[in-house]
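Chemist: Have a look at this one before I ask anything.
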Amino acid sequence: MTMRGEPPIPKQVNRQAAQWFAERESGDMTAEDEARLRQWLASDPQHALAFERAAAVWQSMDAPMLAPAPRPVRRNPRRWAQPTRNHRRQWIGGAIAASLALFIVLENDISTHLRADAMTERGEIREIPLPDGSTAMLNTGSAISFAPDGRTVTLLKGEAAFRVAPDPANPFSVIAGNGTSTALGTRFLVRQIGDGARVTVTEHSVRVALKRQSAVLLEGEAIEYDADSLDGSRPASVADADAWTRGRMRIVNRPLGEVVAELGRYHRGYIGVIGDHLANRPVSGTFDVRDPVGSIDVIQRTLGIRSTRLTDRVILLHS
């Protein structure tokens, strides 16, 4: 979190501060760990400032400071298999660190704020009218800028669904990364993926161009590209692709880790899965992205798994 008038802090320092804060809040720091933390804080004024900001971000999430959990009495060592100190530290500390790192990135996304004509917060879905009569529905954590006439839109981050007002003399185009999608019809979606994007056509057709490559997509087709190459088109379920515009997420046999990551886009906190075996379990269903915690509850009951929660802000799913 960057305060007005304060110097910017390098991302690496912010990450280190988040990790140190997570270590401390896990309740398992040793005297040696405390000494190393004090040394780190004293070695550079930015370290202490970054640590204070990490604490402020954690408090802004309405998350209580953690105390060590009481340990059950081990009456029979052969029957009780308690989590090791390192495992507990990994679960709790890792979740806090990831959550803090996420929020520090969100709070410091100043460049996008300055460039954007419209943005959505994490968990928000909003329709934006464009000057030409077209509309852009922004998914969670998304941002766009657009030309004064509204016919050229740049997707700065996230995902948007575009419904295009007809104007044959002035093509409607969306720029995402190095690629440009030009509407030949009325409705399509663009989602930023790394340094590229995925384009899905939900009505009529779209021409996607990247450097000297181009492809025309028809309704029910999608294509992905990175900074340099354009993949081939593939079939796409329109109902699944634009379900988020109705506040839903449709899933068919996708790994739990992917489903949780997708729901996490709508959650102001952190949701994680412990263990590769659990992360690879298939999940199917329709979930409410407006209530990611409720959706996680449904998944948990359906799969018969457990969770560890530091309030509803940080959720760890495990067997």
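The values are calculated or read from the model by the stated rules, or taken from the named source; none is laboratory data. The structure displayed is predicted, hence computed values, not measured ones. Because the Cβ atoms are built from the backbone with ideal geometry, glycine has one as well, and the counts that use them run over all protein chains shown. Note: areas computed on protein heavy atoms with side chains; ligands, DNA, RNA excluded. Shrake-Rupley method; radii C 1.70, N 1.55, O 1.52, S 1.80 Å.
Chemist: Out of the residues in the stretch 287-315 meeting the condition of being modelled with pLDDT of 95 or more and in a strand (DSSP E or B), tell me which one is surrounded by the most Cβ atoms within 10 Å (Cβ to Cβ).
Modeler: Phe287
Chemist: When you look at Val201, is it farther than 21 Å from Glu124 by Cβ, open to solvent by less than 10 Å² (accessible area, probe 1.4 Å) and assigned to a strand (DSSP E or B), yes or no?
Modeler: yes
Chemist: Here is a further query. Quick test for you: out of Leu189, Leu155, pick the one residue that is farther than 14 Å from Asp117 by Cα, buried (at least 17 other Cβ atoms within 10 Å of the Cβ) and not β-branched (Val, Ile, Thr).
Modeler: Leu189
Chemist: Just to verify a result, which residue in the stretch 274-292, among those that are free of Cβ contacts under 8 Å to residues at least 60 places away in the same chain and touching a Lys or Arg at 6+ places or on another chain (Cβ under 9 Å), is farthest from Ala239 (Cα to Cα)?
Modeler: Going through the qualifying residues, I end up with Pro282.
Chemist: Scan the stretch 122-144 residue by residue and report those that are more than 12 Å from Leu156 (Cβ to Cβ), without any contact (Cβ under 8 Å) to a residue 60 or more places away in the chain and in a loop (DSSP other than H, G, I, E, B).
Modeler: Scanning the stretch 122-144 gives Glu124, Leu130, Pro131, Asp132, Gly133, Ser134.
Chemist: Ser214: surrounded by fewer than 22 Cβ atoms within 10 Å (Cβ to Cβ) and not in a loop (DSSP other than H, G, I, E, B), yes or no?
Modeler: yes
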